[in-house]
Amino acid sequence: MKAIFTLVFVLVHAIVFSQGSTSADAQQNIYELGEDNTKGIVRIYDNRYQGVKGSPYLYPSWSQGKVKLEGEEIVGEAEIKLNLYQNDLIYKNSATKKVLAIDNASEFTINNPRTNKELIFEKVQFKLGKNKEMKGYLEVLYSNQVMLYKRYKVKFIKADFQGAYSSGRKYDEFKRSEELYVKDLKGKFWFLKPSKKRFQEIFSDKSSELKSLFRKDKLILTDEKAILEVIKYYESLH
């Protein structure tokens, strides 16, 4: 019996260290092997996990901003963060350093720490089609007769490296994407696909004029400047 125990000890010791476990992890396995209630089951510590990529926030660090609450009350300069994954606006109290969520913000500005440009966000709620309802904070790219918004989205993708059919992803990831939305003259919201056909659908009352514009100017509609050019041209027709 002693010989069998020694053999099991050596095999487990070899397995644990071959997977790159720390000495503390290996020692824990040894302790568990000696327990009467393990029934031969020992945890194998897997160090292939590589942590988290990306961030759930618009900017990972705190940024200066101003917040306007529902009811026109204005919060002065504050350090704020926008959690894109949970669609939450949070701020840090300058005096107490406590972090608090702001549930009733109607709009806010936040400084881009790289460019120092001030971005404007509004809380919006609207329907797309019959059943899909959208709500949250959208960046205001253009505000006039027509509104152009940008929605930042973050999807959380879990690590997946265990099992025969795993993807081999060794890290969790917050993956960001962006979408554009237009609010037309009647206040209706549209998801903006970067295509000529979509513009003619949204601005159907001036479809022929837009068709002429697209024929004359070779606009790259994936570019925000070109999108604004189309919107401003449409507004000039009214």
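The values are calculated or read from the model by the stated rules, or taken from the named source; none is laboratory data. For clarity, every value in this text was computed on a predicted model and none was experimentally measured. So basically every Cβ, Gly included, is an ideal-geometry build from the backbone, and we count neighbours across all protein chains shown.
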* Could you tell me which numbered condition E133 fails, if it satisfies all but one of (1) more than 20 Å from the chain's Cα centre (by Cα); (2) closer than 28 Å to F191 by Cα; (3) without any contact (Cβ under 8 Å) to a residue 12 or more places away in the chain? => (1)
* Asked: Quick check: is even one residue across region 224-237 among the hydrophobic types (A, V, I, L, M, F, W, C), in the same structural domain as L89 (by TED's automatic domain parsing) and under 30 Å from S55 (Cα atoms)?
  -> no
* To do: Scan (1) surrounded by 15 or more Cβ atoms within 10 Å (Cβ to Cβ); (2) assigned to a strand (DSSP E or B); (3) of a type outside the set (S, T, N, Q) for the single condition K135 breaks and write down its number.
  => (1)
* Single residue of S143, S106 found to be farther than 25 Å from L221 by Cα and among the hydroxyl-bearing types (S, T, Y) -> S106
* Asked: In region 93-130, what residues are basic (K, R), touching a residue at least 12 places away in the same chain (Cβ under 8 Å) and out of contact with any Phe, Trp or Tyr (no Cβ under 6 Å at 6 or more places or on another chain)?
  -> K127
* To do: Those residues that are closer than 23 Å to N83 by Cα and either exposed (fewer than 13 other Cβ atoms within 10 Å of the Cβ) or modelled with pLDDT of 95 or more (or both), I need them from region 157-175; list them, please.
  => K158, K175
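Looking at S204, is it more than 20 Å from the chain's Cα centre (by Cα) and polar (S, T, N, Q)?
Spelling it out, S204 is indeed more than 20 Å from the chain's Cα centre (by Cα) and polar (S, T, N, Q).
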* Single condition R198 does not satisfy, out of (1) basic (K, R); (2) surrounded by 14 or more Cβ atoms within 10 Å (Cβ to Cβ); (3) in contact (Cβ under 8 Å) with a residue 60 or more places away in the chain -> (3)
* If we scan region 181-190, do we find a residue that is at pLDDT 90 or above, in contact with a Lys or Arg (Cβ under 7 Å, 6 or more places away or on another chain) and outside any loop (DSSP other than H, G, I, E, B)? -> yes
* Asked: Which of the residues spanning region 190-237 are within 18 Å of K150 (Cα to Cα) and of a type in the set (S, T, Y)?
  -> S195, T222
* Asked: Can you name the residue in region 70-86 that is modelled with pLDDT of 90 or more and over 12 Å from I110 (Cα atoms) and, of all such residues, is surrounded by the fewest Cβ atoms within 10 Å (Cβ to Cβ)?
  -> Q86
